[in-house]
Each structure stands twice: as C-alpha cells, then as structure tokens.
1. When you look at residue 179, is it farther than 30 Å from residue 69 by Cβ, touching a strand residue (DSSP E or B) at 6+ places or on another chain (Cβ under 7 Å), without any contact (Cβ under 8 Å) to a residue 60 or more places away in the chain and surrounded by 10 or more Cβ atoms within 10 Å (Cβ to Cβ), yes or no?
2. So which of 192, 129 ends up being more than 29 Å from residue 56 (Cα to Cα), touching a residue at least 12 places away in the same chain (Cβ under 8 Å) and not in a loop (DSSP other than H, G, I, E, B)?
3. Within region 145-175, can you find the residues that are modelled with pLDDT of 85 or more and in contact with a helix residue (DSSP H, G or I) (Cβ under 7 Å, 6 or more places away or on another chain)?
C-alpha cells in the first residue's frame with residue numbers, strides 16, 4: 001500500500017511537532033480539519049503512528065547512556081531480547097543481521113551501569129558483550145524517514161505477519177483491522193465476537 005501526498009505531508013508535520021492541533025495541521029498541509037482527523041486516525045489504526053511522545057534530553061537530565069552489543073547463538077537471540085523487553089534502562093533494542101543484539105540504555109549514574117553489567121553475567125545465553133559510554137550526541141533523530149512515494153507495510157491483526165498482498169479490512173469499534181487472508185479474517189472475527197460477547 002502507498003501513502004498519498006496528504007498522508008506524507010501530515011507525517012512530516014507531526015514528526016516536527018506532535019503537539020499541533022488538527023486545525024494547525026490542516027493549515028500547514030492545506031486540507032480540511034476532518035480530512036486531517038480521518039487521515040491521522042487511519043494511520044494510527046495501521047500502526048504507522050505509534051504514539052505521541054515528548055523528546056527529552058537525557059544528558060540535560062544528568063543521565064548516562066551506553067551502547068551495548070550482545071553476542072549469543074542465533075537460536076537464543078530472541079530469548080535474550082525477551083529478557084530485556086521490560087527493563088526500563090533499555091530504551092532501544094534491535095536484532096541485527098550479524099546475529100547480535102544492539103541496545104541503547106540509559107542510567108541515572110555509573111553505579112546503575114555497573115549493576116546492569118553485573119546482571120548481564122547472570123544471563124547464560126550471552127556469549128559476549130561490548131559496552132561503550134555515549135560521551136556526546138552529534139545527531140539523534142527518529143528512525144522513520146518520511147519521503148514521497150513511501151510504502152506502507154501492514155501487519156496482520158491476527159497472525160502478526162507482514163501483509164504482502166492487498167489486505168482484507170474489518171471495521172470494529174470505530175477502528176480498522178487489517179488481515180492477510182480469509183482464514184485470518186474468519187479467525188479474527190470469531191475471536192473478536194467472543195471478546196465482545198464477554199463485555
């Protein structure tokens with residue numbers, strides 16, 4: 001699926017300032033307020049817009065950040081990643097093509113870093129790790145690069161796989177759900193109806 005020019009322009013405006021009202025966005029993008037509202041709601045449903053956050057400066061808060069690379073057996077990488085999913089110190093977590101995990105972690109002080117590193121030694125799946133303090137930030141931006149002709153990769157609401165063909169759409173509770181095939185659509189509908197019946 002492709003995003004149209006209005007979608008792209010709205011995303012560019014939001015990426016600069018996510019606090020703008022629909023009216024302010026409509027003035028910048030030159031479309032109506034209902035169009036902005038509908039477009040944003042749709043992009044939220046599709047998972048393009050994951051949320052609206054304040055961009056805080058860790059260094060100005062007196063915090064220390066590190067880059068941590070972890071090596072483990074390929075079959076154990078997911079298990080290692082799962083261990084750190086809920087750790088508040090881990091701010092970003094990536095699985096790399098070279099069979100490693102890359103984490104950006106932030107701490108209130110050096111003692112917290114030492115405590116975290118000592119806990120790494122308690123994870124048997126970790127073969128080795130490399131940790132480096134971030135001493136200055138030359139450039140830091142959101143990873144999404146909003147450009148013209150950007151394509152949309154949807155995830156099936158039921159099986160969670162990427163949707164390669166045209167998606168099937170199901171409307172429920174004023175939200176759109178996208179599914180990859182008729183089997184997932186049927187299964188999702190049944191699950192949705194059961195949950196709705198319980199409430």
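1. On the way: farther than 30 Å from residue 69 by Cβ: yes; touching a strand residue (DSSP E or B) at 6+ places or on another chain (Cβ under 7 Å): yes; without any contact (Cβ under 8 Å) to a residue 60 or more places away in the chain: yes; surrounded by 10 or more Cβ atoms within 10 Å (Cβ to Cβ): yes.
In short, yes.
2. Criteria check complete, one pass: 192.
3. Once the filter is applied, which keeps residues that are modelled with pLDDT of 85 or more and in contact with a helix residue (DSSP H, G or I) (Cβ under 7 Å, 6 or more places away or on another chain), region 145-175 yields 146, 156, 157, 158, 159, 168, 170.
The values are calculated or read from the model by the stated rules, or taken from the named source; none is laboratory data. Since we're looking at a predicted model, the values are computed, not measured. We place every Cβ from the backbone using ideal geometry, glycine too, and count neighbours over all the protein chains shown.
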